[in-house]
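Written out below as structure tokens is the structure these notes cover.
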Amino acid sequence: MIHNRTQKVRFVVAFLSLTALVISLFAREKASAQFPEPFEIDAKTGISYGFGYDTNRKSFFKKCVDYSDAQPKVKSGQPLTKSKFELVTSTSEITEKMGLSVEASFSALTPAGKISASNKTELARGAKTSKYNLSLLAYSYAYKIPEFINIDSISLKPEYKQLLDQGKKNEFKATCGDTFVLGIRKGREFYGTVYVDEQSMENWSDFQNLTKVKWDASSYDVEVGVDFTTAMKRAFRSSSIKVDARSNVEGVENPSNLEQLVKIHRDFNKYPGGDGDIKFYLISYQALNDVQVEDPLDINRIEVLQGYLVTALWDLKALQEDAQFILEHRDMFAMGSKKEKQTERYNYVKQLQKRWKDEFWSLQTETKKCMEVFSSKCEQLANKYENRNLELLLERELLPARYSSNCYKEEWLKGDDLLKELFQTERLELGRHDMDDSEMDGNPVRVSSYLYLRPDGKELKGRYEVNLEEWHTNNKGQRKDCKNCRTRFRKITRDTVIHKLDQMGSDLTECLYDGIGIQGPIHREQKVLAPTPQNPFNLKTVPLPDVAGMTDAISNKHPPHDTVVVLNSGAKGMLKSSRCVLDTKGGEDNKLYCERPDTTNAKLALLNALDMEADKWTTPRTVTVNLKSKAAANLKVRNQKLLNLKQERSVKLKSFPAPMQKKIKTNITKSRQLMLKPVTPIKSIKK
């Protein structure tokens with residue numbers, strides 16, 4: 001029984017060993033078919049051709065190679081020139097467009113990161129980028145074609161070659177690193193950032209009016225012109241516009257205001273000064289003839305994976321800034337027209353901010369580990385965020401829409417202008433009577449007038465109604481209802497447009513009239529007979545149309561003939577009085593008329609159309625995004641542009657001249673064949 005069990009164990013061990021051998025041979029064969037591309041890193045002062053670099057420890061070392069300066073450098077790649085002003089919504093866009101390495105980008109993100117105060121990394125650190133603070137990136141660069149040492153002229157220095165011949169590979173790596181600087185790209189560059197630190201609904205609306213920019217969640221990768229910066233200067237206080245910049249050209253000072261930054265950006269190519277080092281291109285020592293060292297890590301691929309994590313961190317930080325901006329400027333966002341809905345939406349923004357904050361701190365902790373040791377767990381996390389990065393910025397669509405129009409500022413409807421539209425002439429002729437006879441008989445006259453307003457889309461229409469009614473009273477002052485004492489004249493003007501939102505500029509393009517269009521409308525009601533079996537004299541109250549103004553007054557007995565009588569008793573709202581001729585000489589009063597009444601101004605009652613949409617919103621149970629939305633399409637276009645930019649700046653092995661390309665591949669293949677241990681494309685990075 002024990003013997004059979006032993007045989008089974010030996011069989012399993014043999015099978016596993018064979019499997020491991022096959023996997024090892026496959027990995028070795030796969031690795032030998034791949035060649036490391038030149039790896040791009042940020043240039044550093046005091047470093048030049050031939051210096052060593054350790055991809056594990058991210059450190060430079062002394063020169064361990066000799067090369068001939070007599071041989072001309074090999075040019076590979078393309079020159080790059082560009083000058084733009086662009087709106088950005090996350091610092092991840094800034095670091096990508098500046099060409100920062102993932103390590104430098106993470107250093108800018110981490111407060112404890114040790115970076116120089118004069119480089120682009122510090123610029124990224126200071127950029128307070130958000131969807132809502134009008135973050136701009138200004139850049140102008142002219143990069144030359146990268147130049148490489150001819151591989152035929154390079155060899156290891158004897159003392160370091162001896163280390164390898166003695167099998168002291170670890171000592172060699174500790175002294176020389178696992179790669180060296182093969183190429184350098186030189187050039188001139190200027191990068192500047194702008195953002196607005198303080199905003200109000202008033203100056204934001206002014207800015208919108210000046211630029212005609214429609215700002216929504218789908219806006220990404222927007223190029224702007226100088227007129228955009230001019231509008232910023234006009235709309236916002238200069239002290240609220242924060243600028244910062246970095247350049248490698250001597251004499252280019254850090255601008256202190258937006259005007260200086262625009263001038264430097266415009267005139268950058270006129271500044272004197274030579275070209276500085278922009279990027280270093282590293283290659284494995286295996287590219288040299290007869291050098292047996294281990295492959296460096298697949299650093300290009302690892303940096304791509306680490307980049308997914310760092311990009312997500314920048315985007316999560318931007319989302320937190322977005323939420324904070326909304327919480328501090330709630331009057332600039334559509335959260336609904338009712339207080340209950342506004343509170344519900346406000347609380348949801350706070351929930352989203354907490355969610356993004358928690359995810360940020362958790363991811364930052366893991367990313368810090370992955371920048372030091374890139375494990376299989378890190379690769380799984382990076383693969384997750386490769387897809388998550390698109391979803392992250394799409395979560396902006398969960399935030400309330402930002403107003404473009406300042407619908408809730410104080411706007412006035414002028415009574416005099418209104419009446420000019422309603423009264424085409426100075427007098428409103430009342431015409432023939434419409435009840436009883438045409439003679440007032442010297443009795444008191446009840447004068448009631450009403451100003452009606454009615455919104456019709458972007459227009460406000462109005463009409464004026466006036467009623468003159470014979471008001472015969474008995475000795476007790478009560479109205480006496482009798483034959484031939486109920487004369488009435490009535491006149492209603494036709495509906496006339498008295499106000500247009502579209503005529504007030506784009507400042508109010510999102511606005512609609514609320515209610516009858518003014519604040520403080522007059523609510524009216526009357527009692528009518530509504531008999532029931534139990535009570536045949538039952539009265540009920542019914543509402544009457546709201547009015548913007550009204551008067552209701554009774555004149556004295558025997559009002560003067562052919563004289564305008566001003567009555568202001570019972571005046572409410574926009575109407576301060578009525579001005580009418582109440583009696584004329586002769587047997588008929590069919591020539592009565594009213595003049596324009598005295599009026600007062602009223603505040604317009606406006607509602608933002610976005611708030612009407614927000615009223616339909618309900619708190620979602622889960623956080624979901626629409627991958628088919630306009631914002632998603634724009635983000636994909638933006639991401640593709642960033643990828644194209646990165647590929648445009650990179651240098652591939654296949655771009656080298658054929659003899660140099662062949663020599664590198666031959667040397668690497670030979671070195672790998674002589675190595676005893678199989679090579680893994682990705683393994684842990686340990687400092």
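The values are calculated or read from the model by the stated rules, or taken from the named source; none is laboratory data. None of the values given here were measured: they were computed from a predicted structure. Note: ideal-geometry Cβ built from the backbone for every residue, glycine included; neighbour counts use all protein chains shown. Ligands, DNA and RNA are stripped out before the accessible areas are found, and what is left, the full protein with its side chains, is counted by its heavy atoms. Shrake-Rupley method; radii C 1.70, N 1.55, O 1.52, S 1.80 Å.
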Open item on the list: Among the residues of the range 412-425, are any under 30 Å from Gln208 (Cα atoms), under 38 Å from the mean Cα position of the chain (by Cα) and either surrounded by fewer than 18 Cβ atoms within 10 Å (Cβ to Cβ) or at pLDDT below 90 (or both)?
Closed with: yes
Open item on the list: I need the full set of residues from the range 620-670 which are in a helix (DSSP H, G or I) and in contact with a Gly (Cβ under 7 Å, 6 or more places away or on another chain), in order please.
Closed with: Arg649, Ser655
TODO: Identify all residues within the range 232-254 that are open to solvent by less than 10 Å² (accessible area, probe 1.4 Å) and touching a Lys or Arg at 6+ places or on another chain (Cβ under 9 Å); write none if there are none.
DONE: Val249
- [ ] Give the number of residues within the range 628-669 that are closer than 30 Å to Glu391 by Cα and open to solvent by 70 Å² or more (accessible area, probe 1.4 Å).
- [x] 11
TODO: Could you check how many residues of the range 49-104 are of a type in the set (S, T, N, Q) and in a loop (DSSP other than H, G, I, E, B)?
DONE: 9
- [ ] Would you check if there is a residue in the range 201-218 being in a strand (DSSP E or B) and either at pLDDT 90 or above or crowded, with 16+ Cβ neighbours inside 10 Å (or both)?
- [x] no
Task: Among (1) open to solvent by 90 Å² or more (accessible area, probe 1.4 Å); (2) farther than 30 Å from Asn347 by Cα; (3) not aliphatic (A, V, I, L, M), the one test that Arg672 misses - done: (1)
Open item on the list: Among (1) open to solvent by less than 30 Å² (accessible area, probe 1.4 Å); (2) touching a strand residue (DSSP E or B) at 6+ places or on another chain (Cβ under 9 Å), there is one condition Asp275 misses while meeting the rest; what is its number?
Closed with: (1)
TODO: Of all residues in the range 588-619, count the ones that are in a loop (DSSP other than H, G, I, E, B) and open to solvent by less than 50 Å² (accessible area, probe 1.4 Å).
DONE: 5
TODO: Just need a number here: residues in the range 560-587 that are open to solvent by 10 Å² or more (accessible area, probe 1.4 Å) and in contact (Cβ under 8 Å) with a residue 12 or more places away in the chain.
DONE: 19
Open item on the list: Looking at Ser68 and the list (1) touching a helix residue (DSSP H, G or I) at 6+ places or on another chain (Cβ under 7 Å); (2) hydroxyl-bearing (Ser, Thr, Tyr); (3) closer than 17 Å to Leu645 by Cβ, which single condition is not satisfied?
Closed with: (3)
- [ ] Taking only the range 229-270 into account, find how many residues are assigned to a loop (DSSP other than H, G, I, E, B) and in contact (Cβ under 8 Å) with a residue 24 or more places away in the chain.
- [x] 6
Task: Among the candidates Leu363, Leu309, Leu305, Leu319, residue that is in contact with a helix residue (DSSP H, G or I) (Cβ under 7 Å, 6 or more places away or on another chain), closer than 30 Å to Phe656 by Cβ and in a helix (DSSP H, G or I) - done: Leu305
TODO: Give me a count of the residues in the range 278-302 that are open to solvent by 50 Å² or more (accessible area, probe 1.4 Å) and part of a helix (DSSP H, G or I).
DONE: 2
- [ ] Could you grab me the full set of residues in the range 486-499 that are at pLDDT 90 or above and closer than 18 Å to Lys414 by Cβ?
- [x] Thr496, Val497, Ile498, His499
Task: Which listed residue is over 18 Å from Tyr191 (Cα atoms) and either at pLDDT 90 or above or open to solvent by 10 Å² or more (accessible area, probe 1.4 Å) (or both), from Gly126, Gly113 - done: Gly113
- [ ] Taking the residues in the range 361-375 that are out of contact with any Asp or Glu (no Cβ under 9 Å at 6 or more places or on another chain) and either of a type in the set (A, V, I, L, M) or within 18 Å of Leu398 (Cα to Cα) (or both) as candidates, determine which candidate is most open to solvent (accessible area, probe 1.4 Å).
- [x] Val373
